[in-house]
Structures are given as C-alpha cells and as structure tokens.
C-alpha cells in the first residue's frame, strides 16, 4: 500500500480504495433499498429504473461526503470500535441533512420516504461490514510498503520518533536502518545494518519497495551510484523531507533546506488557480452566509443579553494577510470587553478566564468565526488557508522560525489544513508545529484540497478538536 497524488494532494491508496468501495456500496444500497420498497408495494421496479439512477448517484456522493466530513477516511484516525461507530452514526445523520438540502434545492430528485429510509438502513449495514473487514486488513504487514532507511543518526531517529504510532504507519513499515560511514546509531530497538557491501543486494534480500535517505551528512556518506542503480531497478528513492510530506501531510522544518524548496514541485500560483480559488470562495461564502445568518443573529442577541445591549458584539482585530498586508479581521466577541485593556496582545490559553459563557460555546462550535465571511467577500481572506496571525506575533515568529513568511504566499482562511491536524496554537512551539502543515497546504493547494478541507472541518466542529 502506497500513497498516490490525487489533484496534487497525497492520498493513502488504501483509504482511496476504501472510499471507492464504499461509494459503490452506497450506490448498491440505494438499488437494494428501492427493490425492497417495490416488493412491499407490489409495484414493478422496471417502471422507475431510469429515475432511480440519478438518485442513487446523488445518494452515494452525499454519503461519501458525509464520511469524509467525520474523518472516516483519515489515516491518522485513532478511534476504537465504539468511536468509529459514533462517527458512522454521525455520518448518516449528515447524510439525512445533506439529502434533505438536495431535495429542497433540486425537487426533481425528491425520493420516496420508504426508499430513502430502507436505503439508509441497508447502507449502514453495508458500512458496518466494510469497516469490520477494513479494520482487519489495514494493519496486515504483508500489504504494507517495505521501507529501508539510509541513516541511523539524528535525522533517522527524528523520523522514527514522529512516525512511531501504528496509525502513522498504515501504508508502510520500516524494515531496517543502514549505517553508513561511521554514523552514530541513535535508532534504538530497530534493525540496524552495518555498511552493507552492496546496497542493491541488500534491497533485493530484504524485498525493499522504497529507500528513504535520512543521512545527517550527505557529503561524506551518500552512495549516489548505488542509489542510482536501485532507482533504475524500480526501487523508489526519497529524501526524508519528501517522505514525511507524503506520509504525514506536513513539511518537516527540521529536514527542509532552501535547496529542497527550490527543486521540489508545488508552490504554484497560476492565474487559473487564483481565478478558480476566488470564484470558489465567493460562491461557497454566499451559500454559507445564506445558511448561517440566523445563527449569527441569535449569537449577537446572546452576547448582548449576557454583557448588555450597549457592548460591542462584533470586534475588529488587525491580522496579517497575503504578502504581509495587514487587514481588519471581523469576529463575534467571545471574550470580555476589557480582555486586553492594557493594549498588550496575548495568546489565548486553555480555559482562558477572559472567555465569556456565550464565548465558550461559540468558540467550541466555531460560530465566532462566521463574520469572516465578509472578509472573504471583500478579498482579505479565503475560505481555506492558514489562520491569520496578529502583526506583533508575526514579527516575533518570523525572527525565530525559518520559512515562516512562506505562509503569507496565499490568503489566510477560516478553515485550514493545520487546523485539521493540530490543536489550537498558543505558543511559539505551537506556531512552529502548525507551520509544517501550513507549508504543505501552500505547496499543494488547489480547489480539490480546499473542498476536502471544508468537508473535514465538520469533524472539528462535531468532535471539538483544536478548540481553545
């Protein structure tokens, strides 16, 4: 099992196949549910077969989107059976809501209630079976790509440490670490191979699929000729930074050099990409605004009831946007009016005492971010992108964290790749960790990835990940 690039985004093959299989199961479940319905009603299904096809396709697409939204195709999912079952149930609730929206917007696709109910039941049973089989197959070692790491020092040990959990190794397994040119051995408890006479023979003997170069000093120890032979023999050879980007969905700052950024693919900013992203932002924001404006009005009322009708419910805060340009970000107020009475910017802490009772709820559900839809329509922000930071923090972080300014090569957003994979940042170290995911987005962003991030943001709202 390996990762593939789908619209410039790295996807684990096994989860891509699972999504395709479950999509077919959803499609088949609709036909099966319709068959059961017509058997009970004693009507010939043949008369309705042409109208069932488009409805089955819509049902399959909405169901798959709901599965994505609750994180059921996420390789890093670490839930037990009860957690997966809860997410499955949440996905089917979202399917019901999504299909209801489809029926409202496209009345011609309206379903018979009996067919819809039975199709949902059949689809849920199919999903239980597919997930039970998948949970047994996904961790079979024989199906994983066999990875040989060239290096035993700090880089190799760092990579091992970040990919230590089984959920981080769903698509591969480390079969050995090759010590070269007297490099110190820092990878404890691993199969260390001492300077083999022939790298190609070792690769053949160990049945290796990929070689990851993680040498601390390439100038003295890189066996370039042997690596070239392995590459010509069909063995994939990867730099450790590229390997991490593919497997973990982030760009490790510890492994990145300016030359890697120069010669790696990605970081594209074509005119078509800018136009398509802007059109996507405007269309999605207008649709979102039509749905959430009653929630915004109720939240305004709740803030005024708690703090008084003379207090500001929406506030502006300076943030850094595209190419370092400062703009006024709009938010529903979730802290006390005097939260920064001394004028000093502060990170938000866990269980921050400045957060109001209404503020705790709207931060938990991300409702406080909704006025930023207006920032998107004005062009200050995008729907998807790195979270914009305050100028004071940016100045400090740019001095202390390499490549931090690269995150300003795209517009900041409400949702983002880093928000999905890392909890709320409240320190310089948190900013450094989040930057690794933000760089992945800056490098690989496109409309497909934006759409996947928006769907997956539902998981953050439902399960409260990353809230502070």
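The values are calculated or read from the model by the stated rules, or taken from the named source; none is laboratory data. Predicted, not measured: the structure shown is a model, and the values here were computed from it. All Cβ positions, even for glycine, are placed from backbone atoms using ideal geometry, and neighbour counts span all protein chains on display.
Please state which one of 128, 111 is at pLDDT below 85 and either farther than 19 Å from residue 456 by Cα or over 25 Å from the mean Cα position of the chain (by Cα) (or both).
Testing whether each residue is at pLDDT below 85 and either farther than 19 Å from residue 456 by Cα or over 25 Å from the mean Cα position of the chain (by Cα) (or both) leaves just 111.
Tell me, please, whether a residue that is part of a helix (DSSP H, G or I), touching a strand residue (DSSP E or B) at 6+ places or on another chain (Cβ under 9 Å), at pLDDT below 85 and closer than 21 Å to residue 127 by Cα can be found in segment 66-89.
The answer is no, given that none of the residues of segment 66-89 is part of a helix (DSSP H, G or I), touching a strand residue (DSSP E or B) at 6+ places or on another chain (Cβ under 9 Å), at pLDDT below 85 and closer than 21 Å to residue 127 by Cα.
Does residue 295 satisfy the criteria of being over 30 Å from residue 428 (Cβ atoms), in contact (Cβ under 8 Å) with a residue 40 or more places away in the chain, in the same structural domain as residue 372 (by TED's automatic domain parsing) and more than 30 Å from the chain's Cα centre (by Cα)?
Here the answer is no, as residue 295 does not meet what is asked.
Test of understanding: among 97, 18, which residue is over 22 Å from the mean Cα position of the chain (by Cα), modelled with pLDDT of 80 or more and within 25 Å of residue 450 (Cα to Cα)?
Selected residue: 97, the only one of 97, 18 that is over 22 Å from the mean Cα position of the chain (by Cα), modelled with pLDDT of 80 or more and within 25 Å of residue 450 (Cα to Cα).
Inside segment 204-225, can you point out the residues that are over 20 Å from residue 153 (Cα atoms) and touching a residue at least 12 places away in the same chain (Cβ under 8 Å)?
Matches in segment 204-225: 206, 207, 208, 209.
Within segment 356-365, identify whether any single residue is surrounded by 14 or more Cβ atoms within 10 Å (Cβ to Cβ), assigned to a loop (DSSP other than H, G, I, E, B), more than 21 Å from the chain's Cα centre (by Cα) and modelled with pLDDT under 90, and answer yes or no.
So far as segment 356-365 goes, yes, one or more of its residues are surrounded by 14 or more Cβ atoms within 10 Å (Cβ to Cβ), assigned to a loop (DSSP other than H, G, I, E, B), more than 21 Å from the chain's Cα centre (by Cα) and modelled with pLDDT under 90.
List, please: which pairs have Cβ atoms under 6 Å, are six or more places apart or on different chains, and start with a residue in segment 81-98 that is assigned by TED's automatic domain parsing to the domain that holds residue 26 and end with one that is outside any helix (DSSP H, G or I)?
So the pair list comes out as 87/70; 87/72; 90/70; 91/70.
Only one residue in 370, 377 is modelled with pLDDT of 90 or more and buried (at least 21 other Cβ atoms within 10 Å of the Cβ), so which one is that?
370
Scan segment 303-313 and give yes if some residue there is assigned to a loop (DSSP other than H, G, I, E, B), under 27 Å from residue 454 (Cβ atoms), in the same structural domain as residue 458 (by TED's automatic domain parsing) and in contact with a helix residue (DSSP H, G or I) (Cβ under 9 Å, 6 or more places away or on another chain), otherwise no.
yes
The conditions are (1) surrounded by 14 or more Cβ atoms within 10 Å (Cβ to Cβ); (2) at pLDDT 90 or above; (3) over 26 Å from the mean Cα position of the chain (by Cα), and residue 315 fails exactly one of them. Which is it?
(2)
Does any residue of segment 193-210 turn out to be closer than 26 Å to residue 432 by Cα and buried (at least 20 other Cβ atoms within 10 Å of the Cβ)?
No - not one qualifying residue is present in segment 193-210.
Per-residue answers, yes or no, for (1) surrounded by 15 or more Cβ atoms within 10 Å (Cβ to Cβ); (2) more than 25 Å from the chain's Cα centre (by Cα); (3) closer than 26 Å to residue 444 by Cβ; (4) not assigned by TED's automatic domain parsing to the domain that holds residue 418:
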{"position": "221", "(1), (2), (3), (4)": "yes, yes, no, yes"}
{"position": "226", "(1), (2), (3), (4)": "yes, yes, no, yes"}
{"position": "231", "(1), (2), (3), (4)": "no, yes, yes, yes"}
{"position": "235", "(1), (2), (3), (4)": "yes, yes, yes, yes"}
{"position": "240", "(1), (2), (3), (4)": "yes, no, yes, yes"}
{"position": "243", "(1), (2), (3), (4)": "yes, no, yes, yes"}
{"position": "261", "(1), (2), (3), (4)": "yes, no, yes, yes"}
